[in-house]
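Here's the structure we're looking at; comments come further down.
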Amino acid sequence: MHFQGKSFLKISDFNKKEVEYLIDFAIHLKQLKKNNISHTYLKGQNIALLFEKSSTRTRAAFTVAANDLGAAPEFLGSGDIQLGKKESVSDTAKILGSMFDGLEFRGASQAVVEELAAHAGVPVWNGLTDDWHPTQMIGDFMTIKEEFSTFNGVKLVYSGDGRNNVANSLLVTAALLGADVTIAAPESLFPEESYVSLAKEYAKESGSTVEITSDVKSAVKDANVIYTDVWVSMGEEEHFEERVNTLLPYQVNKALLADVSEKFIFMHCLPAFHDTNTVYGKNVAEEFGIEEMEVTSEVFEADYARQFEQGENRMHSIKAIMAATNGNLFIPDLQ
Ligand code: CP
Ligand code: NVA
């Protein structure tokens with residue numbers, strides 16, 4: 001396995017063994033953190049955190065992970081730098097790459113993160129674009145591994161907006177790792193064909209199954225994991241009303257969970273629109289007559305809900321990604 005100097009822009013940048021390694025390395029680093037054992041793989045480095053879109057978890061995770069690894073993180077918000085206003089992506093990449101040892105980027109465009117990586121000369125990590133959320137996947141599948149010890153035979157059903165960054169990433173990562181994956185969404189929000197065919201290609205190798213359906217009730221039967229995400233992703237606010245109308249049958253509520261497997265967890269990448277009066281400045285209850293969106297509080301607060309474990313695991317997994325691709329020290333052989 002060769003990680004050194006590589007960027008992580010989309011799931012297919014790494015093969016199955018490498019993704020498994022990152023998950024196991026994240027679990028190992030979590031143990032070191034819990035036992036207060038130093039792990040300064042990035043000692044003396046500087047890491048730039050570029051955020052065009054807002055973030056709680058990803059920003060916090062990169063910041064704490066960099067500090068724990070011995071690096072200095074620097075937050076560069078879209079209002080702070082010239083990128084996107086009067087400086088090109090490639091010039092920005094060359095300048096930042098000449099000073100920093102690694103760059104994280106969150107924004108709308110996958111093309112921008114790819115261009116940054118092409119010109120920076122240092123690893124670039126995708127902290128979310130409209131297409132992919134790869135660092136989220138290492139933390140999520142780490143959470144699934146902690147729970148089930150394996151991916152083979154685990155049935156993961158995603159219910160909701162099947163065309164967003166998280167749905168795309170889950171579909172492809174589950175198939176790569178050998179979990180059986182179903183995307184349950186209205187037809188208008190089925191994943192684009194390129195993600196489905198990539199997932200099917202991976203599933204052939206890993207022996208898992210891939211299903212895309214609008215029949216959510218049948219899909220969730222015997223599910224081990226039901227995962228959902230917001231109905232309206234950042235930058236899609238204009239589709240708010242249409243999403244509420246189309247996605248209401250895909251809400252994860254108690255009734256939907258009637259036939260899930262005995263061994264079951266609920267997952268959500270967060271932030272979640274549950275029990276929230278105001279979302280993107282709209283009073284949802286007043287404007288749409290609903291109190292809850294993609295998940296009900298009853299499910300969100302149940303003992304099978306793992307969204308806060310996932311949140312914490314973002315930090316351990318981002319640490320693994322940065323240490324593997326940019327570490328000064330040899331990464332451990334975890335066999
Ligand atoms: N899950 C996630 O990426 O959260 P943030 O948007 O808060 O970073
Ligand atoms: N699909 C969501 C994920 C947030 C972490 C969004 O893009 O807003």
Discussion item. Looking only at region 80-129, how many residues end up being in contact with a His (Cβ under 7 Å, 6 or more places away or on another chain) and either crowded, with 23+ Cβ neighbours inside 10 Å or among the hydroxyl-bearing types (S, T, Y) (or both)?
Written reply: 2
Worksheet entry | Checklist (1) surrounded by fewer than 19 Cβ atoms within 10 Å (Cβ to Cβ); (2) under 22 Å from the mean Cα position of the chain (by Cα) applied to N326, failing item | (1)
Response to the item:
Here the residues within region 156-176 that are closer than 19 Å to D222 by Cα and within 16 Å of ligand 2 (Cβ to nearest atom) are Y158, S159, G160, L170, L171
Response to the item:
Expected output for region 94-108 (first residue on the phi < 0 side of the Ramachandran plot, partner within 16 Å of ligand 2 (Cβ to nearest atom) and of a type in the set (V, I, T), Cβ below 6 Å, 6+ apart or cross-chain) is F105/V113
Discussion item. Test of understanding: among H268, H274, which residue is in contact with an Asp or Glu (Cβ under 6 Å, 6 or more places away or on another chain) and either at pLDDT 95 or above or not β-branched (V, I, T) (or both)?
Written reply: H274
Worksheet, complete the sentence: Flagged in region 107-133 as in contact with a Gly (Cβ under 9 Å, 6 or more places away or on another chain), outside any loop (DSSP other than H, G, I, E, B) and within 14 Å of ligand 1 (Cβ to nearest atom), in numbering order, are W125
Worksheet entry | Per-region count, region 150-180, residues part of a strand (DSSP E or B) and within 16 Å of ligand 1 (Cβ to nearest atom) | 1
Worksheet item: Among the residues of region 258-275, is any surrounded by 13 or more Cβ atoms within 10 Å (Cβ to Cβ), within 16 Å of ligand 2 (Cβ to nearest atom) and either more than 21 Å from the chain's Cα centre (by Cα) or over 22 Å from R106 (Cβ atoms) (or both)?
Response: yes
Worksheet entry | I138 being over 26 Å from E237 (Cβ atoms), β-branched (V, I, T) and surrounded by 16 or more Cβ atoms within 10 Å (Cβ to Cβ) | yes
Fill in: Criterion (surrounded by 13 or more Cβ atoms within 10 Å (Cβ to Cβ), acidic (D, E) and more than 23 Å from T182 (Cβ to Cβ)) met by exactly one of E286, E242, E294
E242
Discussion item. Criterion first (farther than 24 Å from T129 by Cβ, out of contact with any strand residue (DSSP E or B) (no Cβ under 9 Å at 6 or more places or on another chain), in contact (Cβ under 8 Å) with a residue 60 or more places away in the chain and part of a loop (DSSP other than H, G, I, E, B)) does K6 satisfy it?
Written reply: no
Item to complete: Please work out which residue is surrounded by the fewest Cβ atoms within 10 Å (Cβ to Cβ), limiting yourself to region 183-233 and to residues that are among the β-branched types (V, I, T) and assigned to a loop (DSSP other than H, G, I, E, B).
Response: T209
Discussion item. Taking the conditions exactly as written (touching a strand residue (DSSP E or B) at 6+ places or on another chain (Cβ under 8 Å), within 16 Å of ligand 2 (Cβ to nearest atom) and at negative phi), does A179 satisfy them or not?
Written reply: no
Worksheet entry | Of all residues making up region 206-241, the number that are acidic (D, E) and within 16 Å of ligand 2 (Cβ to nearest atom) | 4
Discussion item. Can you pull out every residue in region 50-86 that is among the hydroxyl-bearing types (S, T, Y), outside any loop (DSSP other than H, G, I, E, B) and within 16 Å of ligand 2 (Cβ to nearest atom)?
Written reply: T58
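The values are calculated or read from the model by the stated rules, or taken from the named source; none is laboratory data. Source: prediction; values computed, not measured. FYI the Cβ positions are ideal-geometry reconstructions off the backbone, even for glycines, and counts take in every protein chain you see.
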